[in-house]
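The values are calculated or read from the model by the stated rules, or taken from the named source; none is laboratory data. Remember, it's a predicted structure, so these values are computed and weren't measured experimentally. Neighbour counts are summed over all protein chains in view; Cβ atoms, including those assigned to glycine, are modelled from backbone coordinates with ideal geometry.
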Amino acid sequence: MAHEVTLNSFADLARFFEAGEATEEPGEYVAPVATIERHSEDVDPGSNLRDIIDELERANATLTTIARRDEEARNQALSDLERYDGLMDQLHRAETALARARELLDRAQAIAEDAFREEAREAANHVVAIAQAGDQRAAELVLGIRQQVDALAQDVDIERLLKLRQRMQEQEQAKAAQSERAERLSVSLKRASAALDLGRVEEARALVGSFLSEDPLDACVASLLDRIAQAELEIKVEQAEDALWDARRSYHRDPAAALTRLEALDVEGLPQDLGGQLFGQWARTAARVCRQRELCEPLRYTPGLGRGAVLIRHESGAYQVVSALGMGPRWSPGAIVGERYGRSARPLR
């Protein structure tokens, strides 16, 4: 019989299951019933819940404060970056002015040294003085701006700020691109829906198709694609029914034309009943054409429901396609297929 054992911890429970207990009867084992004794304490669930909620609210308030202060620091840093941009722009213009002053100085000195007339030499020397003054002023300005840039760089991590700005620009560009895509999608979906309502199914699919590679899981795109697929199926069914009616009417008068009409159909996804009727009419029409052409021992290869091909033996030992339904372009009439397809075929009747 089973008997009850009281345990005080999960460790006791593990040891209990490792050891087990055997009965006095040889060959029998009776598992004792284990219970864990829990020491209850007086706990107020409502008080504990209030403490948890209060702690979460304090944590949320702290997080809000941290986020606000970090945003203030970010804005200040970006302000420092704007100052850095201004200084770098000034430095670039000062360095350009310095380069121009030195170029002018070199030309003026060369003309002054080689001047033939005295008045030309005096005029060149006057330009030399102007260029020297400009060179000195520009050099002082470049030096002063560089000192300001260096001082700012000591107080602010410029490289980090540049990376921060780049990330922010990339985020803005991504948002703009997403907004632009959403607008294009909205316009295309409206146009596609309107085209679909007017029966222009191909136009509707073309309008939606460009978004399939970008976001194939978009709910609006998926919904419209379902509508387009349903409209395409309705068109396919209508075409198949027309072809079936025409093939039945032409079966005795012009079976070759009826067979050609059936071969051109896309039977993928058609209702099973309609697909079966098409296949049966195609097989009967193909058999009649084979009899008219006096083709010897035609075979019917049927790899799947509603799909098949009529084959005859080719002089090469392979098989030649007489007709095919739903088999794709590789199985066009006159095509040569491998011998294995003939081995899987049955006589056409």
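Taken together, ALA110, ALA151, ALA133, ALA177 contain a single residue that is within 30 Å of VAL208 (Cα to Cα) and either touching a Leu at 6+ places or on another chain (Cβ under 6 Å) or surrounded by fewer than 14 Cβ atoms within 10 Å (Cβ to Cβ) (or both), which is ALA177. No other residue among GLU72, GLU119 is acidic (Asp, Glu), within 39 Å of the chain's Cα centre (by Cα) and exposed (fewer than 13 other Cβ atoms within 10 Å of the Cβ) apart from GLU72. Assessment of the stretch 129-137 against the conditions (under 27 Å from ARG93 (Cβ atoms) and outside any helix (DSSP H, G or I)) yields no matching residue. For LEU244, the test of being in contact with a helix residue (DSSP H, G or I) (Cβ under 6 Å, 6 or more places away or on another chain), surrounded by 14 or more Cβ atoms within 10 Å (Cβ to Cβ) and over 23 Å from LEU311 (Cα atoms) is failed. The set of residues in the stretch 313-347 being in contact with a Gly (Cβ under 8 Å, 6 or more places away or on another chain) and under 25 Å from ASP266 (Cβ atoms) consists of TYR319, GLN320, VAL321, ALA324, LEU325, GLY326, MET327.
Residues that are in a helix (DSSP H, G or I), β-branched (Val, Ile, Thr) and touching a residue at least 24 places away in the same chain (Cβ under 8 Å) within the stretch 252-288 comprise just one, THR285. Just one of the numbered conditions (1) in contact with an Asp or Glu (Cβ under 9 Å, 6 or more places away or on another chain); (2) within 15 Å of ALA247 (Cβ to Cβ); (3) buried (at least 17 other Cβ atoms within 10 Å of the Cβ) is not true of THR285: (1). Figure legend. Inter-residue proximity from the stretch 148-160: first residues in contact (Cβ under 8 Å) with a residue 12 or more places away in the chain, second residues surrounded by 15 or more Cβ atoms within 10 Å (Cβ to Cβ) and among the hydrophobic types (A, V, I, L, M, F, W, C), beta-carbon distance below 6 Å, spacing 6+ or different chains. Indicated pairs: GLN148/LEU87; VAL149/LEU87. Within the set ALA177, ALA206, ALA195, the sole residue that is modelled with pLDDT of 85 or more and in contact with an Asp or Glu (Cβ under 6 Å, 6 or more places away or on another chain) turns out to be ALA195.
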